[in-house]
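The values are calculated or read from the model by the stated rules, or taken from the named source; none is laboratory data. In this text, all values refer to a predicted model and were calculated from it rather than measured experimentally. Cβ coordinates were reconstructed from backbone atoms using ideal geometry, including for glycine residues, and neighbour counts include every protein chain displayed.
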Amino acid sequence: MSLEYFEGPAGCGKTYQLIEALKAHLVSRPLSEEQAVLGLTYMHGSRRRMHSRLATLSSLRGRFLASTVDSLARSIVWRWRTLARDIDPLLDASEAADFEAVCKVAAILLRKEIVFSWLCVRYPIVVVDEFQDCKGDRLKIVQAIESCCHVIAAADEFQDLQPNGSNAAVAWLHASEGKKTVLSGNHRTKQAVLLQAAGHLRLSQDCGIALGNTLMSGRNANAAAGGVARTLCWKQCKDVVILTPTRPENSRFVHDVVERLTSKPIQPRGITKPVGPFRVVWESNSIEEKSEIVSTLATMAEGTTLQEIQDRTAGGAGALGDLREWAERKYRMKGQVRFSAVEISAAADRILQSRRAFLPSEHRGIIRAMTISQAKNREFEGVIVLWPFAIGGDLDSQRRRLYNALTRAHNWAVVFVQDDARKASRLLGPPFSKQPQAVVAKKNGTTAN
């Protein structure tokens with residue numbers, strides 16, 4: 001029906017402008033009693049932020065749904081499951097965790113008049129944030145929605161962390177006849193170091209000189225952990241996050257730095273007394289939690305009984321506790337006492353998806369740790385970046401990830417780069433290329449700002 005979109009760098013106010021555009025549209029075209037606004041994102045962190053923003057609008061009075069594109073696709077396939085079976089007879093929306101298959105079927109369903117007519121009646125206005133992450137069938141879903149609803153979108157091609165040539169979603173926006181607004185500036189921070197480093201990275205330039213003493217070399221995990229501990233001690237920040245390009249199971253350096261921070265006190269150079277240990281909690285990862293469930297229920301391949309589930313999850317919290325409650329509920333409702341491997345696996349997938357979607361991500365008294373991808377469209381007072389050898393991707397991809405990490409910060413960010421004492425410092429090469437005289441000597445370990 002109609003499209004308007006906003007483009008601009010991180011911190012320029014794209015999400016704010018989305019909400020302002022929505023408010024203006026609601027003034028001219030108020031919702032009827034049975035209608036609601038649909039907010040779409042790709043990541044759950046962005047979805048939670050979208051939910052909090054929409055909840056502030058008194059004109060909506062709670063009539064909105066903030067959802068990931070994957071969750072919307074699953075809802076559509078489940079609602080129109082009879083039609084979905086004609087498209088893919090093997091797809092079971094009640095159990096399937098294969099969101100690629102779910103999105104493919106949902107995109108086809110949305111081309112059917114009965115489906116897109118229903119969506120248009122229920123959600124005449126759709127707000128899409130982080131649109132550059134919608135690719136393949138997820139992009140087709142939004143394109144189908146735009147044909148019948150008023151869409152307000154925000155995108156930044158440089159924040160596509162998995163670039164593969166030009167971004168198809170952004171290219172579609174440019175080819176459309178929608179109202180385009182280009183934003184600039186950075187309202188998230190006024191710190192010159194962060195602004196200059198981000199600006200260099202967006203121009204495909206190196207950022208080491210701009211980062212100055214906030215960019216540090218770590219010859220090993222102990223040295224980097226000391227630098228992190230010193231930073232935490234000096235900054236006294238309550239909203240700080242540790243960001244890395246990869247999870248700890250893929251980088252011994254990242255694993256060992258966090259292990260050292262959490263295992264025992266550290267006395268960094270320049271600090272008069274030991275600090276720590278610190279409480280560092282990794283943001284949930286569905287693959288890891290699924291593995292924990294599988295390992296806990298060792299006989300899952302052959303199925304298991306209610307009693308075995310209760311015994312092996314006794315005292316367990318989180319996803320394990322939820323799985324135990326699911327099995328007990330099945331017993332109360334149907335008298336079921338034995339569960340197949342397929343049932344347990346499907347239940348685990350649904351539980352983990354629900355936990356990621358609806359449990360709060362904020363933790364009191366701890367330091368959060370997550371991948372740079374998980375931090376997209378989120379904000380923190382301080383950011384500590386661990387930059388290991390195990391990064392992957394070309395130089396452009398690395399610059400995009402480093403940019404996304406640095407632009408999460410309101411007030412400060414520091415970067416600790418894993419180094420090899422036998423070779424030239426990585427700080428002397430891209431994406432940093434820091435001046436040799438400014439590089440901290442490896443023999444002295446890392447030095448916090």
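Out of the residues in the stretch 421-430 that are touching a helix residue (DSSP H, G or I) at 6+ places or on another chain (Cβ under 8 Å) and within 19 Å of F253 (Cα to Cα), state the one that is modelled with the highest pLDDT. For the stretch 421-430, the residue satisfying everything is L427. Checking the stretch 206-215 against the condition returns no match, with no residue being assigned to a helix (DSSP H, G or I), among the charged types (D, E, K, R) and either buried (at least 18 other Cβ atoms within 10 Å of the Cβ) or in contact (Cβ under 8 Å) with a residue 40 or more places away in the chain (or both). May I ask you to verify whether V37 is touching a helix residue (DSSP H, G or I) at 6+ places or on another chain (Cβ under 6 Å) and either free of Cβ contacts under 8 Å to residues at least 24 places away in the same chain or not small (G, A, S) (or both)? Judged against the criteria, V37 is not a match.
Between Q143, Q162, which is of a type outside the set (D, E) and modelled with pLDDT of 95 or more?
Numbers: Q162 fails: modelled with pLDDT of 95 or more.
After ruling out the rest, the residue left standing is Q143.
Condition check ((1) more than 22 Å from R408 (Cα to Cα); (2) in contact (Cβ under 8 Å) with a residue 40 or more places away in the chain; (3) in contact with a His (Cβ under 6 Å, 6 or more places away or on another chain); (4) loosely packed, with under 15 Cβ neighbours inside 10 Å) across all residues:
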position	(1), (2), (3), (4)
P9	no, yes, no, no
Y16	no, yes, no, yes
L83	yes, no, no, no
D98	yes, no, no, yes
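To keep it simple, each residue is scored yes or no on (1) out of contact with any Leu (no Cβ under 8 Å at 6 or more places or on another chain); (2) polar (S, T, N, Q); (3) closer than 30 Å to G8 by Cβ; (4) assigned by TED's automatic domain parsing to the domain that holds V151.
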{"position": "A168", "(1), (2), (3), (4)": "no, no, yes, yes"}
{"position": "A197", "(1), (2), (3), (4)": "no, no, yes, no"}
{"position": "S204", "(1), (2), (3), (4)": "yes, yes, yes, no"}
{"position": "S217", "(1), (2), (3), (4)": "no, yes, no, no"}
{"position": "G227", "(1), (2), (3), (4)": "yes, no, no, no"}
{"position": "R230", "(1), (2), (3), (4)": "yes, no, no, no"}
{"position": "C233", "(1), (2), (3), (4)": "yes, no, no, no"}
{"position": "I242", "(1), (2), (3), (4)": "no, no, yes, no"}
{"position": "F253", "(1), (2), (3), (4)": "no, no, no, no"}
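Looking at the stretch 19-60, which of its residues are hydrophobic (A, V, I, L, M, F, W, C), under 22 Å from the mean Cα position of the chain (by Cα) and within 24 Å of R74 (Cβ to Cβ)?
Here is the first cut: in the stretch 19-60, the residues hydrophobic (A, V, I, L, M, F, W, C) are 19, 21-22, 24, 26-27, 31, 36-38, 40, 43, 50, 54-55, 57, 60.
This time we only want the ones that are under 22 Å from the mean Cα position of the chain (by Cα), so: 19, 38, 40, 43, 50, 54-55.
Listed by number, the residues that qualify are L38, L40, M43, M50, L54, A55.
Does at least one position in the stretch 116-126 carry a residue that is in contact (Cβ under 8 Å) with a residue 40 or more places away in the chain, surrounded by fewer than 23 Cβ atoms within 10 Å (Cβ to Cβ) and either touching a Phe, Trp or Tyr at 6+ places or on another chain (Cβ under 6 Å) or farther than 22 Å from E34 by Cα (or both)? No: the stretch 116-126 contains no residue that is in contact (Cβ under 8 Å) with a residue 40 or more places away in the chain, surrounded by fewer than 23 Cβ atoms within 10 Å (Cβ to Cβ) and either touching a Phe, Trp or Tyr at 6+ places or on another chain (Cβ under 6 Å) or farther than 22 Å from E34 by Cα (or both).
Do we have Y16 as assigned to a helix (DSSP H, G or I) and of a type outside the set (G, A, S) here? Yes: the conditions hold for Y16. Do you know which of the residues in the stretch 364-390 that are assigned to a loop (DSSP other than H, G, I, E, B) and β-branched (V, I, T) is nearest to L211 (Cα to Cα)? Here the residue is I372. One residue alone among T304, T299 is farther than 30 Å from L386 by Cα and modelled with pLDDT of 75 or more, and that residue is T304. Just one of (1) over 30 Å from G392 (Cβ atoms); (2) touching a residue at least 12 places away in the same chain (Cβ under 8 Å); (3) part of a loop (DSSP other than H, G, I, E, B) fails for C233. It is (3).
The set of residues in the stretch 217-234 that are small (G, A, S) and touching a helix residue (DSSP H, G or I) at 6+ places or on another chain (Cβ under 9 Å) comprises S217, G218, A221, A223, A224, A225, G226, A229. Going residue by residue through the stretch 398-420, is there one that turns out to be modelled with pLDDT under 85 and either assigned to a loop (DSSP other than H, G, I, E, B) or of a type in the set (A, V, I, L, M, F, W, C) (or both)? No: zero hits. In the set (1) out of contact with any strand residue (DSSP E or B) (no Cβ under 7 Å at 6 or more places or on another chain); (2) of a type in the set (D, E, K, R); (3) crowded, with 23+ Cβ neighbours inside 10 Å, R111 fails one condition alone, (3). Total residues in the stretch 39-57 satisfying the condition of being among the polar types (S, T, N, Q) and either in the same structural domain as R378 (by TED's automatic domain parsing) or within 24 Å of K140 (Cβ to Cβ) (or both): the figure is 2. Scanning the stretch 138-169 for residues being surrounded by fewer than 20 Cβ atoms within 10 Å (Cβ to Cβ) and touching an Asp or Glu at 6+ places or on another chain (Cβ under 7 Å) gives a total of 1. Of all residues in the stretch 111-159, those being assigned to a loop (DSSP other than H, G, I, E, B) and either within 15 Å of V69 (Cβ to Cβ) or in contact with a Cys (Cβ under 7 Å, 6 or more places away or on another chain) (or both) number 9. Restricted to the stretch 264-289, and to residues that are small (G, A, S) and surrounded by 12 or more Cβ atoms within 10 Å (Cβ to Cβ), which residue is modelled with the lowest pLDDT? Residue satisfying both the conditions and the ranking: S286.
Any chance you could count how many residues in the stretch 185-202 are without any contact (Cβ under 8 Å) to a residue 12 or more places away in the chain and among the hydrophobic types (A, V, I, L, M, F, W, C)?
Kept after step one, since they are without any contact (Cβ under 8 Å) to a residue 12 or more places away in the chain, are these residues of the stretch 185-202: 190, 192, 195, 199-200.
Retained after the next criterion (residues that are among the hydrophobic types (A, V, I, L, M, F, W, C)): 192, 195.
So the count comes out to 2.
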